[in-house]
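A short write-up of the structure that comes next.
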């Protein structure tokens, strides 16, 4: 082979080797970005009480509270709802929710934001709840106000058991309550005493006669809440029954 031909052959071979090397590296160049995204989806970061960065004229400040035991509660400013939550590593949120009172309210529909939420992202003291149902996005900030949240006030549904005829109380943020003792409808007003007892004021009550039903709830005049259970007492201090938060 002539010297010039040998040189051209070696140069062409070098180019082929370089091109081959580039083609080998192509898959790595196309690998997905593995940088850590902003925010976090860790369940522990979600725990706490969250509010909108504004105030309302509603009876209480609207809030969302996620608890370590995978329960949550939220208020629109007048009505509260409770449920359970689970958070996947990719930020997918799964919730269940119970009943809530239905007062008209000038607050914010945070209970609906949670019950319809499908993804969350926490970035420091900011929480974003996204819904794939209606493409809404709710941005909240972590609350530092100890008076905001589920503590202190027993607003919401309290029931004896999960049966259609079980006694229940619906305690509203505006100081009213309604319920049923298993037979008759009860309505009235309530207030919280200095010792945190719930005082049930007398109000209207239907007077149906129902055989075989223990109408103990109609005797209750005060209650105390501990660990999600309301223990109710009659006027002489006798414990007449208990209701559980739903």
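Could you list, in sequence order, all residues of the stretch 114-135 that are closer than 30 Å to residue 158 by Cβ and either outside the structural domain of residue 74 (by TED's automatic domain parsing) or surrounded by fewer than 21 Cβ atoms within 10 Å (Cβ to Cβ) (or both)? So that I can check it myself, show each step before the final result.
Within the stretch 114-135, the first condition is being closer than 30 Å to residue 158 by Cβ, and the residues that meet it are 114-118, 120, 127, 129, 131, 133.
Listed by number, the residues that qualify are 115, 116, 118, 131, 133.
Only one of the numbered conditions (1) in the same structural domain as residue 81 (by TED's automatic domain parsing); (2) within 21 Å of residue 102 (Cα to Cα) is violated by residue 138, and that is (2).
Tally up the residues in the stretch 187-242 that are free of Cβ contacts under 8 Å to residues at least 60 places away in the same chain and outside any loop (DSSP other than H, G, I, E, B), please. Please lay out each step first, then the result.
Going through the stretch 187-242, the residues free of Cβ contacts under 8 Å to residues at least 60 places away in the same chain turn out to be 187-222, 224, 226-229, 231-240.
Next, from what is left, pick out any that are outside any loop (DSSP other than H, G, I, E, B): 187-192, 198-200, 205, 216-219, 222, 224, 226, 229, 231-233, 239-240.
The total comes to 23.
Reported count of residues in the stretch 95-115, each being under 16 Å from residue 47 (Cα atoms) and over 10 Å from the mean Cα position of the chain (by Cα), is 0. Restricted to strands (runs of 3 or more DSSP E) entirely inside the stretch 142-183, those with at least 2 residues that are surrounded by fewer than 19 Cβ atoms within 10 Å (Cβ to Cβ) and not assigned by TED's automatic domain parsing to the domain that holds residue 121 are 176-180. Using the structure shown, decide if residue 232 is modelled with pLDDT of 85 or more and touching a helix residue (DSSP H, G or I) at 6+ places or on another chain (Cβ under 9 Å). It is true that residue 232 is modelled with pLDDT of 85 or more and touching a helix residue (DSSP H, G or I) at 6+ places or on another chain (Cβ under 9 Å).
Would you mind stating whether residue 146 is within 27 Å of residue 44 (Cβ to Cβ) and out of contact with any strand residue (DSSP E or B) (no Cβ under 9 Å at 6 or more places or on another chain)?
Working: within 27 Å of residue 44 (Cβ to Cβ): yes; out of contact with any strand residue (DSSP E or B) (no Cβ under 9 Å at 6 or more places or on another chain): yes.
Considered against the rule, which asks whether it is within 27 Å of residue 44 (Cβ to Cβ) and out of contact with any strand residue (DSSP E or B) (no Cβ under 9 Å at 6 or more places or on another chain), residue 146 comes out as yes.
Of all the numbered requirements in (1) surrounded by fewer than 18 Cβ atoms within 10 Å (Cβ to Cβ); (2) within 26 Å of residue 63 (Cα to Cα); (3) in contact with a strand residue (DSSP E or B) (Cβ under 7 Å, 6 or more places away or on another chain), residue 226 misses one, and that requirement is (3). Looking at (1) part of a strand (DSSP E or B); (2) farther than 17 Å from residue 107 by Cβ, can you tell me which one residue 81 breaks? Only one criterion in (1) part of a strand (DSSP E or B); (2) farther than 17 Å from residue 107 by Cβ is unmet by residue 81, namely (2). Return yes when residue 66 is at pLDDT 90 or above, surrounded by 12 or more Cβ atoms within 10 Å (Cβ to Cβ) and farther than 17 Å from residue 115 by Cβ and no when it is not. Against the criterion (at pLDDT 90 or above, surrounded by 12 or more Cβ atoms within 10 Å (Cβ to Cβ) and farther than 17 Å from residue 115 by Cβ), residue 66 does not qualify.
The values are calculated or read from the model by the stated rules, or taken from the named source; none is laboratory data. Small disclaimer: the values here were computed from a predicted structure and weren't measured. No Cβ is skipped: glycine too gets one built from the backbone with ideal geometry, and neighbour counts run over all protein chains shown.
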